[in-house]
1. Restricting attention to segment 134-152, does a residue exist that is at pLDDT below 95 and either more than 30 Å from TYR23 (Cβ to Cβ) or within 15 Å of the ligand (Cβ to nearest atom) (or both)?
2. If LYS270 satisfies all but one of (1) in contact (Cβ under 8 Å) with a residue 24 or more places away in the chain; (2) surrounded by fewer than 22 Cβ atoms within 10 Å (Cβ to Cβ), what's the number of the condition it fails?
3. Scan segment 235-253 and give yes if some residue there is under 23 Å from ARG348 (Cβ atoms) and free of Cβ contacts under 8 Å to residues at least 12 places away in the same chain, otherwise no.
4. Would it be correct to say that HIS311 is near the ligand (Cβ under 10 Å from one of its atoms) and in contact (Cβ under 8 Å) with a residue 24 or more places away in the chain?
5. What number of residues within segment 293-308 satisfy the criterion of being of a type in the set (A, V, I, L, M, F, W, C) and near the ligand (Cβ under 10 Å from one of its atoms)?
6. With ARG123, ARG137, ARG188 as the choices, which residue is among the charged types (D, E, K, R) and within 21 Å of GLU351 (Cα to Cα)?
7. Does ALA170 satisfy being within 21 Å of THR197 (Cα to Cα) and among the hydrophobic types (A, V, I, L, M, F, W, C)?
8. Let me spell it out: the conditions are (1) within 27 Å of ASP34 (Cβ to Cβ); (2) out of contact with any strand residue (DSSP E or B) (no Cβ under 6 Å at 6 or more places or on another chain); (3) among the hydrophobic types (A, V, I, L, M, F, W, C); (4) surrounded by 23 or more Cβ atoms within 10 Å (Cβ to Cβ), and PHE280 meets all of them except one. Which number is the exception?
Amino acid sequence: MARLSRTRMVIIGGGFAGLRVLYRLHNALGRDADIILLDPRSTTLQKPALPDIALTGQAVDRYRHELQPIADRAGARFIQAAVLFIDPVKQRVELSNGRKLPYDYLFITMGIEKNYDVIEGYRKHGYSICDDEEAPRLYQALRQFKGGPVVVGTARTEWSHDVSLPHLDAACEGPMGEVSFMLDHQLRRRNIRDISTISLFTPGREFLDDVGDTVHQVLAERFSARAVQVLPQKNVVCLTDDSVIFSDGTELSSALTIIIPPYGGPAAIKHSGLGDDKGFVATDHAMRHVVYPSIFAAGDVNALSMPKLGHLAIIQADIAAATVIRELTNVGEVPLYKPEIFCIMHERDNEAMLIWSDVMYGGKTDVAFHGISAHLMKWAFDSYYFYAHDHLPADWVHAGLESVLGHVNIHDQA
Ligand SMILES: Cc1cc2nc3c(=O)[nH]c(=O)nc-3n(C[C@H](O)[C@H](O)[C@H](O)COP(=O)(O)OP(=O)(O)OC[C@H]3O[C@@H](n4cnc5c(N)ncnc54)[C@H](O)[C@@H]3O)c2cc1C
């Protein structure tokens with residue numbers, strides 16, 4: 001274990017991917033491993049709960065989890081600081097507190113940046129659910145809302161041309177479907193649904209371009225049942241106090257506008273010259289940087305992560321960690337990279353819709369169902385990961401679904 005204790009492993013970012021890498025390294029290597037976790041925040045944020053915070057006013061603190069005890073449990077050191085620069089030749093990272101840290105293996109799991117300011121008028125007239133400042137701000141706006149047209153949608157994200165992946169206009173739009181369903185429910189509850197409309201726009205050809213026909217059919221039925229109007233191929237450019245303006249010159253009246261902004265690669269990746277021309281990190285299927293073998297990237301920051309989903313962050317983190325564990329110990333198998341869409345949208349009270357599809361990547365799975373069981377899985381996904389410190393219920397939910405369903409497409413469980 002002498003070699004192991006001298007191997008310095010640095011994880012940049014304690015989100016879905018970073019914590020999964022931490023848990024996997026710790027489980028395989030034990031306390032002999034020298035692991036440092038870096039994050040400018042003192043807490044990790046349970047992002048799938050953000051729609052609940054924004055729509056139902058759940059307390060934000062419930063979904064923030066302290067990183068120090070998580071690192072302690074995994075025998076790692078936690079340093080609360082941002083990485084400003086990575087020097088891949090000297091193999092060290094430079095922190096916002098002035099420190100320089102050497103590494104033997106570096107895991108870049110720092111997520112992405114959300115470019116709200118690309119949308120003209122966003123700061124004055126727009127709302128979002130994408131972080132723990134925006135979600136409570138939307139909740140306050142909803143409390144004041146007296147009815148009228150609501151416009152919900154995702155802005156277009158630009159990707160590098162170097163990445164050979166199926167093209168998606170929206171980085172991650174599942175949460176906007178969830179917001180539409182939950183909003184419908186909330187407005188009905190407050191008896192203002194009949195004086196309100198909900199329009200859901202997408203820059204893609206369809207809402208969720210990343211799934212197949214079966215899921216699209218189920219989604220169309222659900223949106224129709226909730227009188228949500230879906231507007232495809234709409235690229236938002238500007239928000240005013242009473243409208244949303246798109247690049248094709250069309251406008252929608254809006255009394256409340258909720259958007260997911262364009263995603264971009266982190267500034268530190270751009271400064272360090274480690275990303276593609278949009279700042280996402282290009283890796284091979286072992287999640288290893290295409291130029292620097294001691295650097296791995298997993299999660300939203302990885303150019304292969306398309307769309308940007310927690311589920312893919314976990315899959316990639318497993319592969320990155322397994323690759324390093326095998327290199328250090330000659331033990332364990334490195335899983336093949338088999339991307340798939342797996343997401344659960346909360347609809348109301350104890351109803352949710354589960355979507356599982358890999359047709360975008362050439363597979364045959366295309367499943368959607370809604371009901372109480374999907375709600376339980378959502379609850380499990382949202383909370384259990386952060387409390388169980390390794391085991392994502394999606395792992396066993398998945399195994400269960402596969403054994404029960406095979407590749408049969410089911411529509412509706414409710
Ligand atoms: C509203 C919403 C709902 C969602 N719901 C779901 C869902 O239901 N299911 C699902 O699968 N996915 C969902 N997603 C997507 C999912 O949240 C992301 O794909 C996932 O969080 C990506 O994980 P990550 O570890 O790559 O990045 P993150 O979770 O964003 O973590 C990145 C971490 O890096 C840290 N960091 C940033 N910059 C630096 C720096 N310079 N130095 C050091 N650390 C840094 C950040 O503070 C953060 O802690 C949702 C996303 C949103 C916005």
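The values are calculated or read from the model by the stated rules, or taken from the named source; none is laboratory data. It should be emphasised that the depicted structure is a prediction, and the values quoted were computed from it without experimental measurement. Note that we place each Cβ from the backbone using ideal geometry, even for glycine, and neighbour counts take in every protein chain shown.
1. Looking only at segment 134-152, we keep the residues that are at pLDDT below 95, and these are none.
No, segment 134-152 contains no residue that is at pLDDT below 95 and either more than 30 Å from TYR23 (Cβ to Cβ) or within 15 Å of the ligand (Cβ to nearest atom) (or both).
2. (1) is the only condition that LYS270 fails.
3. No.
4. When the stated conditions are applied, HIS311 passes them.
5. 3
6. Only one candidate qualifies: ARG188.
7. Considered against the rule, which asks whether it is within 21 Å of THR197 (Cα to Cα) and among the hydrophobic types (A, V, I, L, M, F, W, C), ALA170 comes out as no.
8. The failed condition is (1).
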